[in-house]
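First the structure, in the form of structure tokens, and then the observations on it.
Just so it is clear, none of the values below were taken in a lab; they were calculated from the coordinates. Just so it is clear, the model here is predicted, and its values are computed rather than measured. Virtual Cβ from ideal backbone geometry, glycine too; neighbours counted across all protein chains shown.
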Amino acid sequence: MSKERPAKPRALVTGGAGFLGSHLCEWLLGEGYRVICMDNLRTGSLENIAHLREDANFEYVHHDVTLHIEVEGELDEIYHFASPASPKDFERIPIPILKVGALGTYNSLGLAKSKCARLMLASSSEVYGDPLVHPQPEEYWGNVNQVGIRGVYDEAKRYAESITMAYHRHHRVDTRIVRIFNTYGPRMRPDDGRVVPNFVSQALAGEPLTVYGDGSQTRSVQYVDDLIEGTFRLMHSEETRPVNIGNPVEYPVREIARMILSLSGSRSEIVHEPLPQDDPKQRCPDITRAREILNWEPRVPAREGLRTTLDWFAKQPHRPQVPAPHG
Ligand code: UDP
């Protein structure tokens, strides 16, 4: 008689063809999961998951999670990562952003409830808005302009957190909430509009780096591998309160521009453009909770992560090569 081996755990990743979702799918496959990657490709891309599609444990399902979600068979974990997340998208597609935060989270929670699956919500440091407390601990309630341009994303994530906690308290769904701070790495869209892909693409093309405002606003940028590891640890912890996952090393934006110029050897100059509306002046996670509960902290220094990102962008066929260093 053959001994039955325990089945591999099965996870659904919504937004699995996006920047973060695709890294998460890859990580889960590496951990021995069967993975369903669900995406409507509004901002995700099949290119991001092309290397996973041969894997027998990987399945791609084209679906918009703002509509009812059907998955056959058992499910152990749901990672709800579907959402446009670039500030450019806040003006371009505000209503889909609100719908995926509200209806997409509602549908994902309904699925978690029916499958008795654990659900992780990908939330965001944007729930803190333009913070008045620095660095931001999870207890801080934030400072959000709900009628401003960024409000669509901030409020979508705040609503998503509320409905997740309601399902947790009222329906006893097993939930986790990760508050993701600025994350960068390979597979970001070059036209994504966020600071790292913008500066990297501009530096590689020899075009001016567009620093918005005087560049004194700060961001703490984390490399994608650190985020995925923290996310996975949180999913397998018993912590049901929100947890910040981000790199607390903080840089003024103009310093990020200088770092990318020096790492790429680009001769591009820095130009200043107007600061977008409600652009947070400072953002930096307090990661005490993640340190204490998950024994997690970021490991990849900015210069190393940016180097890897530059190399990846330079290798993309439709992207320019790294210019020769000065002199
Ligand atoms: N930023 C910039 N130049 C760019 C893109 C962004 O100076 O080409 C600034 C932006 O104004 C913000 C910071 O970089 O202060 C981070 O912007 P991003 O869009 O990456 O994310 P955010 O943290 O604002 O959501």
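Spacing of the modelled spin labels on Arg267 and Glu292, each 7 Å from Cα toward Cβ, amounts to 5.4 nm. Computed over neighbours whose Cβ is under 11 Å from that of Gly101, the net charge equals -1, Lys and Arg +1, Asp and Glu -1. Here the Gaussian network model covers the chain, with springs between Cα atoms less than 10 Å apart; of Leu204, Leu119, Leu67, Leu67 fluctuates the most. The H on the amide N of His63, modeled in the peptide plane, is under 5 Å from the matching H of Asp39, Asn40, each at least 5 residues off or on a different chain.
Label reach from Glu91 (point 7 Å along Cα→C-beta): in the range 151-170, amide nitrogens under 16 Å belong to 151-153. Each residue of the range 243-251 was assigned a 3J(HN,Hα) from its phi angle through the Karplus curve 6.51 cos²θ - 1.76 cosθ + 1.60 (θ = phi - 60°); the sequence is 10, 6, 10, x, 9, x, 6, 10, 10 Hz, with glycine and proline shown as x. With a/c under 1.5 counting as rounded, go ahead and sort the range 92-167 into rounded, prolate or oblate using the C-alpha gyration tensor (a ≥ b ≥ c being the square roots of the eigenvalues; past the cut-off, prolate if a/b is larger than b/c, else oblate). Oblate. Rounded to the nearest Hz, the phi-derived 3J(HN,Hα) couplings of the range 142-158 under the Karplus curve 6.51 cos²θ - 1.76 cosθ + 1.60 (θ = phi - 60°) are x, 9, 10, 8, 6, 9, x, 5, 6, x, 4, 7, 4, 6, 4, 6, 5, where x marks glycine and proline.
What relative contact order, as a whole-number percentage, does the range 225-300 give when Cα pairs under 8 Å and 6 or more residues apart are counted? Intermediate results must be reported in sequence, preceding the final value.
On the way: 53 pairs, mean separation 41.1, N = 76.
Computed over the range 225-300, the figure is 54 percent.
Count Lys and Arg as plus one, Asp and Glu as minus one, and take only other residues whose Cβ is under 12 Å from that of Met38; the net charge is then -4. Using the average count of surrounding beta-carbon atoms within 10 Å as a protection proxy, the listed peptides 58-65, 18-25 rank, highest first, as 18-25, 58-65.
Based on the Cβ-Cβ distance from His134 to Glu31, what FRET efficiency comes out when R0 is 41 Å, to the nearest 0.05?
0.70
Pairs of Cα atoms nearer than 8 Å and 6+ residues apart set the relative contact order; for the chain it is 16 percent.
Within the range 242-280, which residues have the backbone N less than 18 Å from the label spot 7 Å out from Trp141 along Cα→beta-carbon, could you tell me? Answer for this model: 242. By DSSP, the beta bridges lying fully in the chain are antiparallel in about 5 percent of cases.
Going through the cross-link list Lys88/Lys281; Lys8/Lys115; Lys8/Lys157, which pairs have a Cα-Cα distance over 21 Å in this structure? Don't jump to the answer; show the numbers that get you there.
Working: Lys88/Lys281 18 Å; Lys8/Lys115 16 Å; Lys8/Lys157 31 Å.
Beyond 21 Å: Lys8/Lys157.
Once the chain from Asp76 to Thr210 is taken as fully extended at 0.36 nm per residue, the excess over their C-alpha distance is 43.8 nm.
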